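The next block holds one structure in the form of structure tokens; read it before the comments.
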Amino acid sequence: MRRFFGAALIGLGFLLLVVAVGLPTFVGPAVAKLPYKMVPCPEASKPQPSGCLKPSVAEATGAQFLQINDKGVNVNTGDLRTTIEVEPQAKLTADQQKAGKLDEDAFIWDVYQTVQRTDGGRLEGVSNSSTELALDRKTANAVAWDGQWIEDKNSSITYTDLTYKFPFGTEKKDYKIYDTDVRAASTAKFQAVDTIEGLEVYHFVQQIPDTKVEVDPTSLQVLLASFAPGAKSGSVTYRTTREVWVDPVTGAFIKVREQPHQELRPDVGSPKVLLDADFVYTKQTIANSAQQAKDNGAMLKLVRLYLPIGVGVVGLVLLVIGLGMMRRRKPAAAPAAWDETLPQARHGLRDESGEPFARDTSQIP
């Protein structure tokens with residue numbers, strides 16, 4: 001029975017050691033991917049599912065922005081709030097993968113952006129946009145897919161590089177971020193290691209210089225008629241400074257700051273500013289992003305480090321105990337033979353002559 005239990009412990013110990021090696025080798029990479037079961041968070045008044053995607057909110061004070069409404073075409077000044085919401089498309093992803101149109105490690109996202117005034121001014125006609133793209137679940141790079149679109153399904157776009165997050169295991173190096181205004185990716189340079197909400201983050205800065213952007217001819221004529229009546233032609237330029245603070249473990253954006261500037265440049269007259277703002281994530285968005293990154297990072301460390309170490313130690317202990325139980329006990333040693341050189345036992349007292357005292361047996365019953 002002792003040997004049976006020893007063999008069982010050895011087998012279990014080996015099994016746990018195999019599991020300890022397999023967790024970071026096979027399970028770890030599987031966990032370090034965007035999960036298919038991702039859902040946006042419902043309204044704040046409703047119960048929040050664990051791990052749901054909260055909207056990212058940024059605000060700009062005293063921004064200049066183009067507003068088209070029943071009062072005409074104007075550039076107004078006010079406070080703005082931009083909200084970005086992500087809706088993962090699990091079913092569409094599965095259908096596209098099944099049809100062979102999308103890689104098995106890709107995931108389709110719908111992204112909605114809404115810009116509103118927060119200073120009591122008129123809200124309509126500020127800016128709303130939407131897009132659909134496919135991302136690599138680990139690297140977060142845009143994946144080639146003929147179904148991607150922006151604004152509406154009739155407007156095509158070709159995403160490249162990074163968009164709404166960085167890769168798992170972000171490094172201290174430069175990356176490229178795609179900008180939808182210029183329809184191209186440019187370098188975001190690594191700056192420094194910072195700390196936000198007790199979380200170590202990597203700071204990157206992307207500079208996009210003045211670049212001519214495509215504008216619908218009809219929209220361009222409306223702008224020229226409103227701001228440069230004497231002009232016959234013109235162009236719209238765009239520049240921005242984008243700063244992102246990234247959690248290096250999950251690649252999630254913890255804080256974002258964008259300073260977009262857009263101008264109408266007619267062939268005659270002075271340029272007209274159409275947009276000039278300084279958007280920064282709100283404190284609540286930063287806190288939400290940091291907490292979610294901490295939770296996801298803890299799960300990754302559990303699978304990659306803590307759990308393998310714990311399982312490995314238990315497996316090693318069981319292996320040692322099992323080997324100890326399997327060892328045979330040595331039989332007890334046989335009594336040694338009498339050594340004649342040892343002094344003889346003294347069985348009685350002797351008198352001075354060496355003769356033994358006579359035993360008095362009179363008192364023995």
Residue identified as more than 21 Å from GLU59 (Cβ to Cβ) and in contact (Cβ under 8 Å) with a residue 60 or more places away in the chain among PHE166, PHE253: PHE166
Every pair of residues 6+ apart whose Cβ atoms lie under 7 Å, when the first sits in segment 219-238 and is within 14 Å of ASN74 (Cβ to Cβ) and surrounded by fewer than 20 Cβ atoms within 10 Å (Cβ to Cβ) while the second is of a type in the set (Phe, Trp, Tyr) and modelled with pLDDT under 95: none
Selected residue [over 22 Å from GLU258 (Cβ atoms) and among the β-branched types (Val, Ile, Thr)] from THR82, THR93, THR114: THR93
Selection status of ALA60, over 30 Å from ARG257 (Cα atoms), over 23 Å from the mean Cα position of the chain (by Cα) and either modelled with pLDDT under 75 or surrounded by 13 or more Cβ atoms within 10 Å (Cβ to Cβ) (or both): no
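Residues to consider are ALA185, ALA106; find the one that is under 18 Å from ARG242 (Cα atoms), among the aliphatic types (A, V, I, L, M) and either in contact (Cβ under 8 Å) with a residue 40 or more places away in the chain or touching a strand residue (DSSP E or B) at 6+ places or on another chain (Cβ under 8 Å) (or both).
Going through ALA185, ALA106 in turn, the sole match is ALA185.
Looking for something of a type in the set (Val, Ile, Thr) and within 21 Å of GLN113 (Cβ to Cβ) - is there at least one such residue anywhere in segment 184-204? Before you say what the answer is, go through the steps one by one.
Of all residues in segment 184-204, those of a type in the set (Val, Ile, Thr) come to 187, 193, 195-196, 201.
In the following step, the residues that additionally are within 21 Å of GLN113 (Cβ to Cβ) were identified as none.
No, segment 184-204 has no match at all.
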Within segment 224-280, strands (runs of 3 or more DSSP E) holding 2 or more residues that are over 21 Å from ILE68 (Cα atoms): 234-246, 253-258
Top-ranked residue of segment 176-196 - restricted to ones that are acidic (Asp, Glu) and modelled with pLDDT of 95 or more, ranked as farthest from GLU214 (Cα to Cα): ASP194
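The values are calculated or read from the model by the stated rules, or taken from the named source; none is laboratory data. Please read all numbers here as calculations on a predicted model, not as lab measurements. Cβ: placed from backbone, ideal geometry, glycine included. Neighbour counts: every protein chain shown.
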